[in-house]
Amino acid sequence: MAASEKKYAYTTLITRVSYLAGVIILAHTLKKQGSKYPLLVFYTPSLQDAGVKALELEARKLNLILKPCEMLEPRPDIKITLIAERFTDTWTKLRVFSVFDYDAVCYLDADMAIFKNMDSVFSRAADLPSDWIAANHACVCNTDKDDWAPSEWNIDNCAYTPLSHPDALSHPTQVNPDSRPTYHLLNSGMFLYHPSKQLWDAMLHFFDTTDKLSTYNFPDQDFLADFFRHRWVSLGWQYNALKTMRYIHPKMWRDDEVVCLHYIVDKPWVARVSADGIAGFKGKDGVTHGWWWNNYADWVAQRESEGAVEILKLMEQHSAKVDGSEEDDADMRAIGSRVQAFPSNKAGKENAAPAAANAEEAKDGGDEEEASSPFRKKVLGERGHGPVVHSQRGGETPP
């Protein structure tokens, strides 16, 4: 079968209506940039009726194939230590591996937008082994020197630091068994894979039997880093351009090379860009958030020209108000103004991340050495939902 006859698709997951604007603009930008392939949208019973209705209204226009699915949750005896309650849903991202009628699928997080034709990513599928994935590294620069980050998370240990334009586009840092531990960390916002029943069964077996789930603060990402250890290849940064790379890795970044922009940390649809061009939790994301709002305005103009009143009202209810005021919704605040508050949230300490618990112990005169161990602390934030760093010694090996 010729490569042109291969059956490809994109896919994403939505579990809460607070991400509705993200999914719609992701789909809109895929179509706008001329993608030939559908977007499979997995959604769970937790998605409110308004979200389902919006997806149904947009399905034909944006080449969506809707995939209702159940939540994926660990077995009852596993004690979960997530960094934030909202990450409970993201175990379900693994269900995207259960579509067996495609030769290759590219997963895209719901907080992404496309700025060049993305279909070129499928050119990597032919050389990708059937039980591997292609993905991007996590950025581990930790430029803010956050106390909760592992000690090895620094600029020198980031897989993006040695790269510069234009070689970074075609020659990303690759991983091998001898690579430093931080090079083994992937960002699960985008990954390319060959779905098969054999692979899905192996993933479910690992999910149902391993005790490692209790160590994962970022569920799907930590799982994928473990399961595909030594079985993933890295792609150019342009396919998963974390918005923070624009100022953390300027040697590598070029605005006009971005294919897929990943709006990590706070989401652009939660707040408008201020009149002075400031946006983002650190005020540095005005340009990239502005790109998202330009695409939103483009989508709105199209729907207004069609007289699509119902979908316009639904989107207005789940994106930032024109006057700049904050949406009075807990889920929206959790991905907006309070996105950086969750590490210090002390509610339900038994479910707090070990890093947070260790920090509290240190303040209270606990074991200082244990609190500072790079293999105890968990990571989050600007680096793009960084996964747990596991010791190279011993441990369970995924199938």
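By the scheme Lys and Arg +1, Asp and Glu -1, what is the net charge of all other residues having a beta-carbon under 14 Å from that of residue 289? Please list the in-between numbers first.
Values: positive: 243, 246, 267, 272, 282, 284; negative: 111, 255, 266, 276, 285.
Local net charge: +1.
The calculated FRET efficiency for residue 6 paired with residue 31, based on their beta-carbon distance and R0 = 25 Å, is about 0.80.
Order by neighbour count: 322, 17, 233, fewest other Cβ atoms within 10 Å first, most last. Write out the running numbers ahead of the final one.
Working: 322 8, 17 22, 233 17.
Least crowded to most crowded, the residues run 322, 233, 17.
Between residue 71 and residue 312, the contour length at 0.36 nm per residue exceeds the alpha carbon distance by 83.9 nm.
Stretch residue 323-residue 48 to full length: gain in nm at 0.36 nm per residue minus the Cα-Cα span?
On the way: separation 275, 0.36 × 275 = 99.00 nm, distance 2.54 nm.
Full extension from residue 323 to residue 48 adds 96.5 nm.
Placing dummy labels 7 Å off each Cα toward the beta-carbon, the span from residue 201 to residue 127 is 3.1 nm. Amide H contacts of residue 11: 40, 106, 107, 108, each under 5 Å away and 5 or more positions distant or on a separate chain (H built 1.01 Å from N in the peptide plane; Pro and chain starts excluded).
May I ask you to compute the full-extension gain from residue 330 to residue 274, defined as 0.36 nm times their residue separation minus their alpha-carbon distance, rounded to one decimal in nm?
On the way: separation 56, 0.36 × 56 = 20.16 nm, distance 2.20 nm.
Length gained between residue 330 and residue 274: 18.0 nm.
Bear in mind these aren't lab numbers, they're just calculated from the coordinates by the rules spelled out. Since this is a predicted model, take the numbers as computed values, not measurements. We place every Cβ from the backbone using ideal geometry, glycine too, and count neighbours over all the protein chains shown.
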